[in-house]
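Take a look at the structure below.
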Amino acid sequence: MTQSGGTRHLTRTQVGIVGGGPAGLMLAHLLDLAGISTVVVDDRTRDEIYATVRAGILEHDTVQLLVDSGASKRVLTEGYEHEGIELAFGGGRHRIDFQDLVGASAWLYPQTEVFADLADARDRAGGDVRWGVRDTQVLDVTSATPRIVFTAADGSEQEVVCDHLVGADGSRSQCRRSVPEDARVQTGREYPFAWFGILCDAPPSAPELVYSHSARGFALVSQRTESVQRMYFQCAPDEDASTWSDDRIWSEMASRLSPNGVEVIEGPITSKAVLRFRSFVHEPMRHGRMLLAGDAAHTVPPTGAKGLNLALADVRLLAELLERAVEKGDDGALEEYTGRALARVWKAQHFSYWMTTMLHALPEATPFDVRRQEAELASLVSSRSGSAFLAEGYTGWPERLGLR
């Protein structure tokens with residue numbers, strides 16, 4: 001419902017969502033299926049979000065959510081099912097067979113395409129998504145009618161009044177910053193390294209992802225399409241990507257991969273950037289009638305491929321609880337959100353930290369530390385139970401463990 005209120009245009013909805021990335025759009029999509037009205041606002045344009053290069057490893061249940069909700073069929077036709085990964089270390093390559101170990105797969109499907117599918121789904125449903133807004137503020141989040149005020153792309157002043165407000169506005173979340181300091185606990189860890197990421201025009205160097213541990217540092221061989229590939233190597237957080245030539249990049253990749261028997265197919269590099277990361281958790285994930293989801297509440301290192309999957313797991317749970325609160329009048333439903341969401345978040349934090357510290361060259365590591373790291377990898381690949389632990393975490397923990 002919309003109306004004019006003075007010089008500000010007023011919209012009334014049941015759930016207001018700040019953030020039009022995959023988390024915000026998936027939540028709006030799921031709530032729409034339940035008959036709950038939403039308004040989504042984002043200070044980026046649709047084209048800007050689509051142009052942001054992100055990884056795209058999807059857990060089994062993330063793929064199932066996209067397909068079962070009707071948000072995407074392309075993930076099955078244009079995505080790539082990966083039934084395992086390789087760990088390369090100590091001069092050799094070792095495959096972790098997900099299907100054999102846990103009966104599940106991961107899927108390679110870029111986050112940009114997940115976003116495109118969800119944006120298209122909102123278009124088909126006639127969803128209210130406001131792109132390219134500015135000066136966004138969230139107000140009265142502990143009242144019965146929280147508000148979002150902003151300036152629309154056309155310059156008009158807008159106000160959205162809602163019953164519940166969701167902050168899905170990323171790692172620099174304004175919604176999170178609106179929580180008073182004495183009402184929040186924030187914990188995290190900074191890492192003394194980053195990833196140097198490239199896109200290149202070349203065929204795949206391997207059928208599945210290859211995670212390589214070497215004396216010179218970590219490297220990851222990933223894929224994008226049949227003709228475009230994504231690769232990374234460990235670097236300093238303050239590394240300047242613009243100073244690296246293609247020849248220097250390929251030489252550095254080879255120095256980390258060749259000792260473990262991994263050879264990459266080189267091609268023209270079309271994009272290069274340094275990607276800094278950290279571990280971070282904000283608790284609780286609810287403040288009054290505002291709820292946080294995805295990177296607004298937690299971030300993880302990319303090593304475990306958990307970021308997008310965690311965000312979509314949050315909103316899958318949140319949609320269920322909001323439906324109970326809005327449609328069934330169950331005011332206590334949202335009290336479950338923080339505890340249930342964080343049970344999975346902290347498992348993902350552990351998994352991502354474990355993968356990161358096991359595979360990267362750690363500053364000031366002694367020879368003992370390096371040998372211990374190699375022994376950990378050797379123990380992992382030589383143990384079916386150890387390999388299954390990695391496979392469960394990577395593909396998404398089985399529902400039977402009660403983590404969802």
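Summary table
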{"item": "Percent RCO, i.e. relative contact order, over the chain, from Cα pairs under 8 Å lying at least 6 residues apart", "result": "20"}
{"item": "For the range 198-339, the spread of Cα positions along each principal axis, largest first, Å", "result": "61, 32, 26"}
{"item": "Length-normalised contact order for the range 14-168 - Cα pairs under 8 Å, 6+ apart - percent", "result": "32"}
{"item": "Volume per residue that the Cα convex hull of the range 83-148 spans, once the total is divided by residue count, Å³", "result": "260"}
{"item": "Whole-Hz couplings from phi, Karplus 6.51/-1.76/1.60, listed for the range 351-365; x for Gly and Pro", "result": "4, 5, 5, 4, 4, 5, 6, 6, 9, 8, 6, 8, x, 6, 5"}
{"item": "DSSP-defined antiparallel bridges as percent of all bridges, the chain, nearest 5", "result": "70"}
{"item": "Protein accessible area in the chain, 1.4 Å probe - carbon and sulfur %", "result": "48"}
{"item": "Relative intensity, log₁₀ I(q)/I(0), of the range 186-227 from a Debye sum that treats every alpha carbon as a point, q = 0.26, 0.34 Å⁻¹", "result": "-1.01, -1.26"}
{"item": "The range 47-87: proportion of alpha-carbon pairs further apart than 14 angstrom, %", "result": "59"}
{"item": "Debye log10 I(q)/I(0) for the range 211-272, one point scatterer per Cα, at q = 0.12 Å⁻¹", "result": "-0.28"}
{"item": "Note, ³J(HN,Hα) from phi for the range 151-158, Karplus 6.51, -1.76, 1.60, rounded to Hz, x at Gly and Pro", "result": "9, 6, 4, 8, x, 6, 7, 10"}
{"item": "Pairs of Cα atoms farther than 42 Å apart, the chain, %", "result": "15"}
{"item": "Under the Karplus curve 6.51 cos²θ - 1.76 cosθ + 1.60, θ = phi - 60°, whole-Hz ³J(HN,Hα) for the range 241-258, x wherever Gly or Pro sits", "result": "5, 5, 8, 9, 7, 4, 4, 5, 4, 5, 5, 5, 4, 5, 5, 9, 9, 4"}
{"item": "The range 249-313 - Debye-derived log10 I(q)/I(0), Cα point model, q = 0.12, 0.13, 0.20, 0.25 Å⁻¹", "result": "-0.54, -0.60, -0.90, -1.07"}
{"item": "Local electrostatic count at Pro237 - Lys and Arg +1, Asp and Glu -1, tallied over other residues with Cβ under 12 Å", "result": "-2"}
{"item": "Rg over Rh [alpha-carbon atoms, Kirkwood Rh] for the range 286-333", "result": "1.08"}
{"item": "Shape parameters for the range 323-404, alpha-carbon atoms, Rg then Dmax in Å", "result": "18.7, 61"}
{"item": "Whole-Å semi-axes of the ellipsoid equivalent to the range 247-404 (Cα gyration tensor, √5λ, descending)", "result": "38, 19, 15"}
{"item": "Shape parameters for the range 60-210, alpha-carbon atoms, Rg then Dmax in Å", "result": "21.3, 62"}
{"item": "5 angstrom amide H check on Val129, placed H, neighbours 5+ away", "result": "Val40"}
{"item": "The chain - mean residue ellipticity at 222 nm from DSSP helices (-39,500 (n - 2.57) per run, n ≥ 4, rounded to 500)", "result": "-10500 deg cm²/dmol"}
{"item": "Normalised convex hull volume, the range 30-139, alpha-carbon set, Å³ per residue", "result": "170"}
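The values are calculated or read from the model by the stated rules, or taken from the named source; none is laboratory data. All values derive from a computational prediction rather than experimental measurement. So basically every Cβ, Gly included, is an ideal-geometry build from the backbone, and we count neighbours across all protein chains shown. These area figures cover heavy atoms from the full protein model, side chains too; ligands, DNA and RNA do not enter into them. Shrake-Rupley method; radii C 1.70, N 1.55, O 1.52, S 1.80 Å.
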